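A.B. asks: Before anything else, here's the structure in question.
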Amino acid sequence: MIREIITYPNKKLKEPSKDIKKFDKELHLLLDDMYETMVAKNGIGLAAIQIAIPLNALLILLPDENDEQKKENLLEVINPKIINQKGSIIYQEGCLSVPDYYDDVKRAEWIEVEYYDRFGNKIVKEYDELLGVAFQHEMDHLKGHLFIERLSYLKRKKFDKEWKKKERAKKK
Ligand code: Y12
Ligand code: CO
């Protein structure tokens, strides 16, 4: 089922998510709905809190070299932790919960993470480039943060100005 995505400034997006304890059918249904929602909305990543569920689950599905999102490349991530990181990279990010705004964000260039798959198997992996950036972006959601909080002072001002302008236009 395609779920509604909550958007800035919905306060729920600030809520820290909780660890998942049961790797059961209910979790599988949540992950399936998240997948349907992410693909339907043209996303490459989605955290459960973006559909108002404060649980530590996220998905990432990058397009392949033919620009296709193949389900076999889907990353389902439960209760993730970054255990090592190094370097820095600047990447232009966007977010389904912050529609129509894209900007450069600085993050770690390489991360080592541990997490669980949908069956409760523990996974330890390294990610870099876009996958590493997307992983960090989605993990921020689980802690109640949006990428716009990581913008420089001037870029954040630019975001606030554009957002207010859009709000005024909606009221007309
Ligand atoms: C780099 C880039 C993105 C991430 C996090 C995952 N972000 C997304 O999946 C953003 C998707 C997105 C899709 C949009 O819709 C379309 O393009 C049709 C979109 O546009 C609007 O909302 C109007 C904005 C964002 C991490 C690293
Ligand atoms: Co996002």
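A.B. asks: Any residue at all in segment 135-149 that is part of a helix (DSSP H, G or I), in contact (Cβ under 8 Å) with a residue 40 or more places away in the chain and more than 16 Å from ligand 2 (Cβ to nearest atom)?
C.D. replies: No, segment 135-149 contains no residue that is part of a helix (DSSP H, G or I), in contact (Cβ under 8 Å) with a residue 40 or more places away in the chain and more than 16 Å from ligand 2 (Cβ to nearest atom).
A.B. asks: Moving on. Could you please give the count of residues in segment 90-111 that are more than 16 Å from ligand 2 (Cβ to nearest atom) and either in a loop (DSSP other than H, G, I, E, B) or surrounded by 17 or more Cβ atoms within 10 Å (Cβ to Cβ) (or both)?
C.D. replies: 3
Residues are listed down the side, and each one gets a yes or a no for (1) within 15 Å of ligand 1 (Cβ to nearest atom); (2) at pLDDT 95 or above; (3) touching a helix residue (DSSP H, G or I) at 6+ places or on another chain (Cβ under 9 Å):
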position: V77; (1), (2), (3): yes, yes, yes
position: G94; (1), (2), (3): yes, yes, yes
position: Y116; (1), (2), (3): no, yes, no
position: G132; (1), (2), (3): yes, yes, no
position: I148; (1), (2), (3): yes, yes, yes
position: K157; (1), (2), (3): no, yes, no
position: K171; (1), (2), (3): no, no, no
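A.B. asks: Identify all residues within segment 112-150 that are among the polar types (S, T, N, Q) and either crowded, with 19+ Cβ neighbours inside 10 Å or under 21 Å from I53 (Cβ atoms) (or both); write none if there are none.
C.D. replies: Start the filter on segment 112-150 by keeping residues that are among the polar types (S, T, N, Q), which leaves 121, 136.
Q136, the sole residue that qualifies.
A.B. asks: Which of (1) in contact with a strand residue (DSSP E or B) (Cβ under 6 Å, 6 or more places away or on another chain); (2) over 24 Å from L29 (Cβ atoms); (3) among the charged types (D, E, K, R); (4) away from ligand 1 (no atom under 13 Å from the Cβ) is the odd one out, the single condition D104 does not satisfy?
C.D. replies: (4)
A.B. asks: Among the residues of segment 7-57, count how many are assigned to a loop (DSSP other than H, G, I, E, B), within 14 Å of ligand 1 (Cβ to nearest atom) and surrounded by 13 or more Cβ atoms within 10 Å (Cβ to Cβ).
C.D. replies: Residues of segment 7-57 assigned to a loop (DSSP other than H, G, I, E, B): 7-10, 15-17, 19-24, 41-44, 52-54, 56.
Then keep just the ones that are within 14 Å of ligand 1 (Cβ to nearest atom); that gives 7-8, 41-44.
From what's left, surrounded by 13 or more Cβ atoms within 10 Å (Cβ to Cβ): 7-8, 41, 43-44.
Total meeting the criteria: 5.
The values are calculated or read from the model by the stated rules, or taken from the named source; none is laboratory data. On a predicted model such as this, the values are computed, not experimentally measured, just so you know. Note that each Cβ is placed from the backbone with ideal geometry, even for glycine, and that neighbours are counted across all protein chains shown.
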